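The values are calculated or read from the model by the stated rules, or taken from the named source; none is laboratory data. These numbers come from a predicted model, not from an experiment. Note that we place each Cβ from the backbone using ideal geometry, even for glycine, and neighbour counts take in every protein chain shown. Surface areas here come from the heavy atoms of the whole protein model, side chains and all, with no ligands, DNA or RNA. Shrake-Rupley method; radii C 1.70, N 1.55, O 1.52, S 1.80 Å.
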Amino acid sequence: MSALVFGILLQVAAAVPAESGPILTIAQLQYDGGGDWYANPSGLPNLLQAIRERTGLPITDTRRQTVRLTSPKLRDFPYLYLTGHGNIRFSEEEVRALREYLLAGGFLHADDNYGLDESFRREIKRVFPDRELVEIPADHPIYHTFYDFPNGLPKIHLHDGKPAQGFGIFHEGRLVVFYSYESDLGNGWENPDVHGDPPEAREAALRMGVNLFLYALAQVAR
């Protein structure tokens, strides 16, 4: 285990009550509105297994776990993953819950699986009406936490042929929302036979996923 990863683990352990222990996994966010929130079923298990093997972190569970914003278990997860192709719609209660979760130290990764851009931008504006999604520069730590991405977010799927872009929302200097646009990391995490991505694209997606998870954990103790 590298000194970086060991330090992150110590931070997480210090931030979570000893009797419960840190839940080192990722929860896929279940939402209403008609979109397929359940997309990419093999993606998170493959990513979590890669994180365990490559970093030595004691990942709690590599099975895909799902959670709603109104669940009492929401704050057990340091990392929420949101994806899909269609419409997202949060209730007022969910808007409040997501804002409180993020301001309290949580991290949301929204992954454009082609078709959720309009609704995600609309709903995240309801969560943070006073803030804007801004493009994350290539020198931000999220692109260099474990693996180095000198050009920023990798491009995994064609979509509209636009360059991949990473957008975010900051709170007191901490990146609380990361939006991977025109990249489709989740498809790259899935089993090789699902989308037929070349090995180099899948490897880039997994490496970026490792970076995202380690960055999210590093923020827990802030």
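In whole percent, what relative contact order does the chain give with Cα contacts below 8 Å and a gap of six or more residues?
23
Please compute the length gained on full extension between D148 and R52, using 0.36 nm multiplied by the number of residues separating them and subtracting their Cα-Cα distance.
The span from D148 to R52 would gain 32.7 nm if fully extended.
Working out 0.36 nm times the residue gap between D36 and H195, then minus their Cα-Cα distance, what length gain in nm do you get to one decimal?
The span from D36 to H195 would gain 55.5 nm if fully extended.
Longest segment of the chain with no GluC sites (Glu not before Pro) in a DSSP loop having at most 15 other Cβ atoms within 10 Å?
Segment 20-131 is the longest.
Which percent, to the nearest 5, of DSSP beta bridges fully inside the chain are antiparallel?
Around 40 percent of the beta bridges assigned by DSSP in the chain are antiparallel ones.
Using only the alpha-carbon atoms of the chain, report the extent along each of the three principal axes, biggest first, to the nearest angstrom.
Ordered largest first, the chain gives principal extents of 45, 42, 32 Å.
Report in % the part of the accessible area of the chain that belongs to carbon and sulfur, leaving out ligands and nucleic acids; probe 1.4 Å.
So the carbon and sulfur contribution to the accessible surface is 52 percent.
What accessible area per residue comes out for the chain, rounded to a whole number of Å², with a 1.4 Å probe?
On a per-residue basis, 43 Å².
Going by a ≥ b ≥ c, the root eigenvalues of the Cα gyration tensor, does the stretch 21-82 fall in the rounded group (a/c under 1.5), the prolate group (a/b larger than b/c) or the oblate group?
Judged from the Cα gyration tensor, the stretch 21-82 comes out oblate (a/c at least 1.5, b/c at or above a/b).
Please tell me the relative contact order of the stretch 145-221 in percent, rounded to the nearest whole number, where contacts are Cα pairs under 8 Å and at least six residues apart.
So the answer I get is 33 percent.
Report, in deg cm²/dmol and to the nearest 500, the calculated mean residue ellipticity at 222 nm for the chain, where each DSSP H run with n ≥ 4 adds -39500 (n - 2.57) and the sum is divided by the residue count.
Only helices count here, giving -11000 deg cm²/dmol.
With only alpha-carbon atoms counted, please give the Rg and Dmax of the stretch 92-148, in Å.
When restricted to Cα atoms, the stretch 92-148 yields Rg and Dmax of 13.3, 39 Å.
What are the extents of the Cα atoms of the stretch 91-222 along their three principal axes, listed from largest to smallest and rounded to whole Å?
The Cα atoms of the stretch 91-222 stretch 40, 30, 24 Å along their principal axes.
Tell me the Kirkwood radius of the stretch 31-118: reciprocal of the mean inverse pair distance over distinct alpha-carbon atoms, in Å.
14.1
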